[in-house]
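What follows is a set of notes on a single structure, which appears directly below.
The values are calculated or read from the model by the stated rules, or taken from the named source; none is laboratory data. Since this is a predicted model, take the numbers as computed values, not measurements. Neighbour counts are summed over all protein chains in view; Cβ atoms, including those assigned to glycine, are modelled from backbone coordinates with ideal geometry.
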Amino acid sequence: MNNLSLEQAREILEVDSLADEREIKTSYRKLALKHHPDHGGDAHEFNRIREAYDRLTKTPLSEIVANDIEAMIFDDIFNSWLENQDESTQETIRRQVDKVEKEAVPNKASRK
């Protein structure tokens, strides 16, 4: 059973939310070859890559769109609220958000 969120699956496959099927498949093939146990790779990492690919390719489009819309709405609400805070508070919150994102997704910072 695949318990990955769409965001987690994208992070594992190193694709963004706008990636099309071709980009997802290309990234999957590259990472699967690199991490395949028959080529000296780690079996656990290979399985995570396969699960991420399955999550992104077998998820109904309606669920993907709903997830992305929900994330955009949250970002809009958060950014509107943040704009109404003083500069010191904004900077403190941005540092905390950056810290949490780096801890939650270690590879995200290195890909920017």
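General remarks:
- Across segment 1-14, the qualifying residues are those that are surrounded by fewer than 16 Cβ atoms within 10 Å (Cβ to Cβ) and under 13 Å from the mean Cα position of the chain (by Cα), and the one among them that is nearest to residue 59 (Cα to Cα) is 5.
- Some residue of segment 7-14 being in contact with a His (Cβ under 8 Å, 6 or more places away or on another chain) and not in a loop (DSSP other than H, G, I, E, B): no
- Subset of segment 15-47 that is assigned to a loop (DSSP other than H, G, I, E, B) and under 30 Å from residue 72 (Cβ atoms) - its residue that is farthest from the chain's Cα centre (by Cα): 20
- Restricting attention to segment 1-14, the residues that are free of Cβ contacts under 8 Å to residues at least 24 places away in the same chain and of a type in the set (A, V, I, L, M, F, W, C) add up to 1.
- Some residue of segment 58-71 being at pLDDT 80 or above and assigned to a helix (DSSP H, G or I): yes
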